[in-house]
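Chemist: Got a structure here, written out as structure tokens. Questions coming.
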Amino acid sequence: MARSLRLPRGIAAGCALGGLGFFVLVVGPDASVLRAALMGSIGLMALAGGRPGRGLSFLCLAVIGLLLVDPALGSSYGFILSVLATLGIVTIGQQLVKWTPRIVPRWAAAGLAVPLSAQLLCSPVIVLLQPQFSPYALTANIVASPFVGPVTILGTAAVPLLPLAPLPGGILVFNAGFFANCVAGTARFFASLPGASLPWPEGIFGLSTMVILSCLGIPGMWLVFHPLSAGKKLLLVHAALVGYLDRLAGAGPFPFNNSRSRLGLVARRLRGRLRVRRIISGRNQEWPQPRHRPERRRRIRQPGGT
């Protein structure tokens with residue numbers, strides 16, 4: 001709402017942080033709520049400031065502070081997932097937004113970059129919890145993301161309003177419930193599709209393979225966003241490889257090359273000589289060839305002439 005009113009970025013971020021603090025007060029300062037609010041505020045400051053390095057510094061300070069207060073968080077999957085999701089948004093999310101073509105609106109680019117960056121870093125840990133791979137997870141998150149905001153905003157606004165004005169509060173609760181049912185319906189729909197839960201290896205092997213898949217997902221997204229640049233770089237790599245193989249064929253330890261010839265089968269200074277290699281003896285002889293010398297043609301007489 002603040003950005004729609006064309007407020008400056010700093011004021012809009014302050015309004016969002018104020019709304020986040022109000023949300024914590026209404027829901028209750030539980031450990032999970034405080035952790036999620038802290039990580040959300042860090043991601044918000046990083047996105048609002050446009051400096052991923054500063055957001056990464058805030059994230060490191062927050063993780064260190066939370067671990068000093070409660071060291072048991074280091075073994076909590078919820079804490080690890082929240083840290084990895086925020087790390088992906090702060091580091092990879094900004095880069096994905098920059099890679100998106102200018103034709104795509106910024107809100108659409110951010111709507112794709114935020115869940116994708118979070119999923120790339122959280123997938124290895126999710127595999128440890130449940131050794132399955134869901135190919136529709138990213139699509140489901142993108143489809144359900146427009147419904148999450150109304151659920152949070154309307155539900156939070158209805159909590160303090162219900163004791164004072166039950167009718168308006170009930171209307172807000174009804175609308176929040178409608179959007180919550182949309183989120184649940186999206187989850188059920190994608191879970192019912194064929195191949196929604198593919199088996200994945202367990203243990204360290206499954207973790208390692210998912211890490212490799214996540215690492216390959218980042219250049220894969222660059223290839224999707226820049227197909228022409230990818231094709232040009234592929235041609236440059238092909239040309240460099242061909243040139244390297246040509247140099248290797250000319251300078252390598254092949255039988256038809258000696259210490260005096262480094263340019264291929266026939267060196268420039270050895271032109272006019274036939275290089276012969278005998279497979280049995282292994283010798284490399286050079287036979288001189290007769291050079292072509294233009295001479296005056298003799299006049300050939302016709303048959304029967306005198």
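The values are calculated or read from the model by the stated rules, or taken from the named source; none is laboratory data. Everything numeric here is computed off the predicted structure, so don't read it as measured data. Positions of Cβ are backbone-derived with ideal geometry, glycine not excepted, and every protein chain shown enters the neighbour counts.
Chemist: List, please: which pairs have Cβ atoms under 9 Å, are six or more places apart or on different chains, and start with a residue in segment 167-189 that is in the same structural domain as Thr156 (by TED's automatic domain parsing) and end with one that is exposed (fewer than 14 other Cβ atoms within 10 Å of the Cβ) and of a type in the set (Gly, Ala, Ser)?
Modeler: Phe179/Gly149
Yes/no per residue for (1) free of Cβ contacts under 8 Å to residues at least 60 places away in the same chain; (2) within 25 Å of Gly88 (Cα to Cα); (3) among the aliphatic types (A, V, I, L, M); (4) part of a helix (DSSP H, G or I):
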position	(1), (2), (3), (4)
Pro201	no, yes, no, no
Ile212	yes, yes, yes, yes
Lys232	yes, no, no, yes
Arg247	yes, no, no, yes
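Chemist: Output yes when any residue across segment 179-197 is more than 21 Å from the chain's Cα centre (by Cα), within 30 Å of Thr91 (Cα to Cα) and modelled with pLDDT under 85, and no when none is.
Modeler: Yes: segment 179-197 contains one or more residues that are more than 21 Å from the chain's Cα centre (by Cα), within 30 Å of Thr91 (Cα to Cα) and modelled with pLDDT under 85.
Chemist: Here is a further query. What do you reckon, is Trp200 modelled with pLDDT of 75 or more, closer than 30 Å to Lys98 by Cβ and of a type in the set (Phe, Trp, Tyr)?
Modeler: Judged against the criteria, Trp200 is not a match.
Chemist: Just to check your reading of the model, which residue among Ala108, Ala140, Ala118, Ala157 is part of a helix (DSSP H, G or I), assigned by TED's automatic domain parsing to the domain that holds Ile42 and either out of contact with any helix residue (DSSP H, G or I) (no Cβ under 8 Å at 6 or more places or on another chain) or on the phi > 0 side of the Ramachandran plot (or both)?
Modeler: Ala108
Chemist: Hey, any hits in segment 124-140 for a residue that's under 18 Å from Phe23 (Cβ atoms), in contact with a Pro (Cβ under 7 Å, 6 or more places away or on another chain) and free of Cβ contacts under 8 Å to residues at least 60 places away in the same chain?
Modeler: No, segment 124-140 contains no residue that is under 18 Å from Phe23 (Cβ atoms), in contact with a Pro (Cβ under 7 Å, 6 or more places away or on another chain) and free of Cβ contacts under 8 Å to residues at least 60 places away in the same chain.
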